[in-house]
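The values are calculated or read from the model by the stated rules, or taken from the named source; none is laboratory data. Note that the coordinates shown come from a computational prediction; the quantities given were computed from them, not determined experimentally. No Cβ is skipped: glycine too gets one built from the backbone with ideal geometry, and neighbour counts run over all protein chains shown. We work out accessible area using only protein heavy atoms, side chains counted, and drop any ligands, DNA or RNA first. Shrake-Rupley method; radii C 1.70, N 1.55, O 1.52, S 1.80 Å.
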Amino acid sequence: MSRRLLTGNAAAAWGARLAAADYIPAFPITPQTEIIETLAAWIDHGDYDARMVTLESEHSMLTAAAAAAATGVRVFTATSSQGLLYAMEMLYTVPGWRAPFVLVNVSRGLASPITLEPDHNDVLAARDSGFLQLHAATCQEVVDSVLLAYRLAEDARVRLPVIVNQDGFYLSFTREPVLLPEADAARRFVGDYDSENVRFRASLPESQAVAVLGGGPYSYFRYEMHLAAQQALTVYEEISAQFADLFARAYPAVEAYRCADADYVFFMIGSYATKARDAVDRLREAGWRIGLLRPRLLRPYPADALRTALRGKHAVAVLDQNLSFGKGGVLHGELLSALYGHADMPPVVASFIGGLGGRDIRAEEFYQIATVLRAAVQSGETPAPRLLYTADELREVRKLQAVARAEREALRERP
């Protein structure tokens, strides 16, 4: 293995290169563009043997990716934020083709208003599409997750595309030491893409199409996708164990950090979970029995592993870096549905919304959340959902609103 200082974007590019992806349909969008720029430079200099094609949109890009995968080609592509939404029609279409490939999404908050910084509303809009989802918290996890994603997608029991998600800016442009597997070892782990009976040869022309089906057959094929996604839980356990044996890095579907004896638990995904780990360590030093639970695999949903990790805990704080308008945090609702009706689950599952548009979650806020959990356990009442926001931030917004009002009035007064 070699150690390199890499951004999350460069780590994603290395994942595609180490997996020996053959075809890379691409379209640039901040903060993902560095991924395809890195791959393009390697191809241009003869360091990487692959075909890259720049399409006219993310919609076309995803169509090309799935079409190529359906011919037996190993495919890699990447996008971000509005680009993922632009491709949403095909995002829901191509899993039904059962064409396995890997898409890296670099999360960025959605318009409007416009931001370049991250939250998870973009990738969570894809949660019901049929794409499986792996969420990385470090640059090391990015490159390793791409390798795991190819094994998961291409397994005969699964045959579904996979999204590997990383946070924009906080991870995509942050350099961290990354251990890169040797190319031969990575290829042995990923293996060759066996497309089985799905292939295209010019010498053997064959028409492949998607039929228009009635409700009965349609239901059958959709449920087949659901069963394949569920089977991915078992497949992921197998391949992550193989990865740990080969590269000495363990990636269970759910990371449980200092949870074994914890009374209180933070629950979240993404790069901000590294801040939660630090907060757990500081709170432990102060005598708190607290831990962090982070699902790496979000689709399929690892409900059994989550219930096992949370059994007997007093309270959970779910930190959602997303907002389902009119309902609340997506992770909070999904965790509640997984815990409901099972014995010995935490009586308090509190909801906190934070990190929208890259808004920082400070160490002091983790400490305050722990205090809220302890008070809730003592009172027996779950606190109302709340947005992590300060009085200073509110004053800043009020200033912006005042400036906007003054500008509108000045425009109305002009002759």
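The table below lists the values:
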{"quantity": "Residue within the range 31-45 that is open to solvent by 50 Å² or more (accessible area, probe 1.4 Å) and over 26 Å from D119 (Cβ atoms) present", "calculated": "yes"}
{"quantity": "Selected residue (only one of H314, H332 is under 21 Å from the mean Cα position of the chain (by Cα) and under 23 Å from A376 (Cα atoms))", "calculated": "H332"}
{"quantity": "Residue within the range 16-25 that is open to solvent by 50 Å² or more (accessible area, probe 1.4 Å), modelled with pLDDT of 95 or more, assigned to a helix (DSSP H, G or I) and over 29 Å from F247 (Cβ atoms) present", "calculated": "no"}
{"quantity": "Scope the range 46-60; condition surrounded by 17 or more Cβ atoms within 10 Å (Cβ to Cβ) and either of a type in the set (K, R) or in a loop (DSSP other than H, G, I, E, B) (or both); matching residues", "calculated": "Y48, A50"}
{"quantity": "Neighbours by Cβ (under 7 Å, 6+ apart or cross-chain): first from the range 368-379, of a type in the set (A, V, I, L, M, F, W, C); second assigned to a helix (DSSP H, G or I) and crowded, with 20+ Cβ neighbours inside 10 Å", "calculated": "A370/L283"}
{"quantity": "Flag for A13 being in a helix (DSSP H, G or I), at pLDDT 95 or above and either touching an Asp or Glu at 6+ places or on another chain (Cβ under 6 Å) or surrounded by 24 or more Cβ atoms within 10 Å (Cβ to Cβ) (or both)", "calculated": "yes"}
{"quantity": "Of all residues in the range 61-85 being surrounded by fewer than 22 Cβ atoms within 10 Å (Cβ to Cβ) and touching a strand residue (DSSP E or B) at 6+ places or on another chain (Cβ under 8 Å), the one that is modelled with the highest pLDDT", "calculated": "A64"}
{"quantity": "Selection within the range 113-138 - aliphatic (A, V, I, L, M) and crowded, with 21+ Cβ neighbours inside 10 Å", "calculated": "V123, L124, A126, L132, L134, A136, A137"}
{"quantity": "Filter result for Y272 (under 29 Å from A149 (Cβ atoms), of a type in the set (S, T, Y) and either in contact with a strand residue (DSSP E or B) (Cβ under 8 Å, 6 or more places away or on another chain) or crowded, with 21+ Cβ neighbours inside 10 Å (or both))", "calculated": "yes"}
{"quantity": "Some residue of the range 153-160 being under 11 Å from the mean Cα position of the chain (by Cα) and open to solvent by 10 Å² or more (accessible area, probe 1.4 Å)", "calculated": "no"}
{"quantity": "Matching residues in the range 126-153 - criterion: being without any contact (Cβ under 8 Å) to a residue 60 or more places away in the chain and of a type in the set (D, E, K, R)", "calculated": "D128"}
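Yes/no matrix, rows are residues, columns are (1) more than 18 Å from the chain's Cα centre (by Cα); (2) open to solvent by less than 60 Å² (accessible area, probe 1.4 Å):
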| site | (1), (2) |
| --- | --- |
| L233 | no, yes |
| V265 | yes, yes |
| E285 | yes, no |
| R294 | no, yes |
